[in-house]
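The values are calculated or read from the model by the stated rules, or taken from the named source; none is laboratory data. Not measured: the values here are computed from a predicted model. Reconstructed Cβ throughout: ideal geometry from the backbone, glycine too, with neighbour counts over all protein chains shown.
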Amino acid sequence: MAKGPCERLHPHLSAYADGTLPPKRWEQVSYHVAGCEECRDEVAAINAVCSKLSSYRGSETPEALAARLESIAGEHGSSPLYMAAGDGELPSARRKRVRRATQGGVALLAVMVSAVVLAVLVAPSPTRITDPVKAARELYGRSLTAISVNEAVGTMLLANERGADFGASETYEPRLSETQSVQLSAEEAAALLRRAAEADLTLTGVQQVWASDGGGLYRTAQVRTTKVAGEGSHLEVFDARGDLFSSAFLPEFGARAITAPAEWEYVRSATAEQIVGRDAIRVQANADDQPVARWWIDSETGLLLWAERYDALGRVNVGFGYKQLALDAGSLNTDDTAQLISLQPATSSQEAGWCVGLDHCPQMLAGLPLVAYTASDKPGRASMNLVYSDGFHTAVVEWADGVLADSMARNDRGADMAVDVWQAGDAVISVACDCGQDRMARIKDELPEQQAYRHTIAAKIRDGLARLAEVG
């Protein structure tokens with residue numbers, strides 16, 4: 001609604017009476033006052049006040065009153081009233097507080113808006129995962145190294161995924177067993193395997209690993225192994241030329257959970273068999289009249305000397321064992337190039353907040369118990385790795401912030417393991433397992449289902465503010 005002439009020109013009447021208006025504005029006010037009785041009366045009142053004040057020029061203003069007036073006027077004390085803020089209103093403590101509160105609120109709002117904009121700008125971009133199957137296989141290799149009695153297998157698989165040249169694939173001849181066998185219960189078999197898993201020895205040796213290439217032949221490598229009781233293991237992988245390709249250090253992990261599947265049948269050798277000049281007990285697991293696995297366990301120490309795993313057709317898919325071995329000899333001499341591979345035992349600490357990303361980290365997954373986990377809660381890079389194993393089969397699950405490069409779920413069915421990867425909202429879930437299709441399907445059923453990537457603006461602000469807090 002437009003203002004009338006009186007309302008528009010009223011703030012200038014005091015300056016008009018003082019004769020301090022610019023010429024053009026003075027003409028506008030003069031023309032209006034000449035035709036407006038109300039404004040003429042106000043100008044006359046202003047002139048009367050000014051005349052009255054002029055009569056007191058000769059008298060001295062009391063110092064206390066002058067100081068009081070100056071404190072009220074504040075920063076406007078040196079300016080004419082008509083030039084003061086507020087269209088000529090007298091300054092007051094209340095108006096000053098209101099003005100300061102308004103200015104403070106505007107400043108705070110500006111700071112908050114700036115912080116939100118900055119948080120969005122610095123929020124970490126989602127990690128684009130371009131080769132999730134390879135990443136899942138590498139994680140499986142590291143996990144198998146840390147939690148399994150076949151640490152040499154895990155180290156060799158990890159080196160293979162990282163491009164080690166192991167030369168042309170070779171044949172592998174399963175170990176022949178001519179000794180008679182005696183029946184074992186699942187509990188007795190589990191006790192023997194648990195002894196192997198818990199063997200804490202000092203030794204040096206060279207293990208040979210054969211892993212099926214899926215075409216009837218095997219990739220093979222030598223793994224030099226050094227263990228020190230109570231400290232850990234140092235593993236060195238050599239390529240086809242005999243050159244050191246990679247090394248890893250495993251801190252002492254502790255006891256593993258071993259439970260033998262009740263649906264399998266177990267036998268053991270009636271007499272000792274020889275592995276690297278040592279007496280060994282052979283334990284064999286069968287399913288549907290086909291061998292599932294064989295282990296040769298040192299009679300004296302419980303050390304696993306040799307092992308073979310078989311596929312559904314009874315063919316070896318992984319074989320490994322010592323070619324050289326010296327007990328009670330060895331010292332750890334790791335350097336900065338050795339990769340530290342360590343998972344935390346699942347039973348050691350599961351305080352509140354240990355499960356990252358997932359709504360629920362199950363203690364059992366498709367019948368496999370949780371034996372180890374690692375987690376990172378870094379904003380935009382959070383991850384949760386869960387390792388499930390019954391001592392026979394191992395499944396490694398990873399939940400990680402990120403997005404699949406082409407948003408497509410993936411699966412890989414190799415001779416050594418099965419891998420499934422899919423997008424689950426803001427994160428990618430991968431599963432690697434040396435198990436069959438039925439168990440893999442059960443594992444997927446118990447994990448978050450596939451969902452499109454949906455990183456919201458609220459999540460970006462949260463991640464950005466967390467990143468700013470880190471920088472601060």
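Filtering the range 360-417 to residues that are among the polar types (S, T, N, Q) and more than 25 Å from D213 (Cα to Cα) leaves Q363, T374, S376, S383, N385, S407. Could you grab the pairs with beta carbons closer than 7 Å, sequence gap of 6+ or different chains, first residue in the range 290-316 and assigned by TED's automatic domain parsing to the domain that holds L203 and on the phi > 0 side of the Ramachandran plot, second one at pLDDT below 95 and not polar (S, T, N, Q)? These pairs meet every condition: G302/R195; G302/A196; G302/A199; G314/P291. The residues of the range 387-416 that are in contact with a Ser or Thr (Cβ under 9 Å, 6 or more places away or on another chain) and closer than 18 Å to L158 by Cα, listed by number, are V387, T394, A395, V396, V397, E398, G414, A415, D416. Conditions: (1) small (G, A, S); (2) at pLDDT 80 or above; (3) more than 22 Å from F249 (Cβ to Cβ). A159 meets all but one. Number of the miss? If we test A159 against (1) small (G, A, S); (2) at pLDDT 80 or above; (3) more than 22 Å from F249 (Cβ to Cβ), just (3) comes out false. Of the residues in the range 448-466, not one is crowded, with 16+ Cβ neighbours inside 10 Å, within 30 Å of A293 (Cβ to Cβ) and at pLDDT 85 or above.
Has the range 253-276 got any residue that is buried (at least 21 other Cβ atoms within 10 Å of the Cβ), of a type in the set (D, E, K, R) and not in a loop (DSSP other than H, G, I, E, B)? No. Could you list all residues from the range 146-181 that are surrounded by fewer than 17 Cβ atoms within 10 Å (Cβ to Cβ), in contact with a strand residue (DSSP E or B) (Cβ under 7 Å, 6 or more places away or on another chain) and of a type in the set (G, A, S)? Across the range 146-181, the qualifying residues are S177, S181. Can you name every residue in the range 113-156 that is at pLDDT below 65, of a type outside the set (S, T, N, Q) and out of contact with any helix residue (DSSP H, G or I) (no Cβ under 8 Å at 6 or more places or on another chain)? Those that are at pLDDT below 65, of a type outside the set (S, T, N, Q) and out of contact with any helix residue (DSSP H, G or I) (no Cβ under 8 Å at 6 or more places or on another chain): V113, V117, P126.
Among the listed residues A272, A260, which satisfies the condition of being over 27 Å from S169 (Cβ atoms), at pLDDT 85 or above and among the aliphatic types (A, V, I, L, M)?
Numbers: A260 fails: at pLDDT 85 or above.
Being over 27 Å from S169 (Cβ atoms), at pLDDT 85 or above and among the aliphatic types (A, V, I, L, M) holds for just one of A272, A260, which is A272.
Within the option set L235, L203, L184, L217, being crowded, with 17+ Cβ neighbours inside 10 Å and under 23 Å from G314 (Cβ atoms) holds for one residue only, L184.
Taking R241 as the residue in question, decide whether it is surrounded by fewer than 19 Cβ atoms within 10 Å (Cβ to Cβ) and assigned to a helix (DSSP H, G or I). When the stated conditions are applied, R241 does not pass them. What are the residues in the range 256-315 that are basic (K, R), more than 39 Å from the chain's Cα centre (by Cα) and under 18 Å from L184 (Cβ atoms), if any? Hits for the range 256-315 are R268, R282. Counting just the residues of the range 153-204 that are outside any loop (DSSP other than H, G, I, E, B) and basic (K, R), which one comes out farthest from the chain's Cα centre (by Cα)? So the residue we want is R195.
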